[in-house]
Amino acid sequence: MFVSYAKNCAHTDRDIDIALVSPDFEYIAYDILLKILLKIARHIDTAIEPVALTEDEINNPQLGSVAVDIAKEGRRLFTL
């Protein structure tokens, strides 16, 4: 989780930002990956906003990317 929920300042009307990190994402076109993740997320909660990142993107975030915020302030919820 990142942004408001990770900072413990979330409100009921806010979305839930969840970053998913996988080396497998490197091999899937981002637009297709996002469609899949959004479809899954909508079955759980319509407030979930998934962000897909590769391990390289989270370990070496480019300045100005959402990965910078996630690397700094995100909270790891689960690891395989």
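Here, each number is a calculation from the coordinates, and none is a lab measurement. Because the structure is a prediction, the values reported are computed rather than measured. Here the Cβ positions follow ideal geometry from the backbone for every residue, glycine too, while neighbour counts run over all protein chains shown.
Please compute the modelled spin-label separation between TYR30 and LEU63, points set 7 Å along Cα→Cβ, answer in nm with one decimal. With each label placed 7 Å out from Cα toward Cβ, I get 1.9 nm. The Cα atoms of the range 37-80 give a gyration tensor whose axes a ≥ b ≥ c have a/c of 1.5 or more with a/b greater than b/c, which makes the shape prolate.
Put simply, the Cα atoms of the chain extend 35, 28, 26 Å along their principal axes, the longest span coming first. Helix content alone sets the calculated 222 nm mean residue ellipticity of the chain: runs of n ≥ 4 DSSP H residues at -39500 (n - 2.57) each, divided across all residues, give -10000 deg cm²/dmol.
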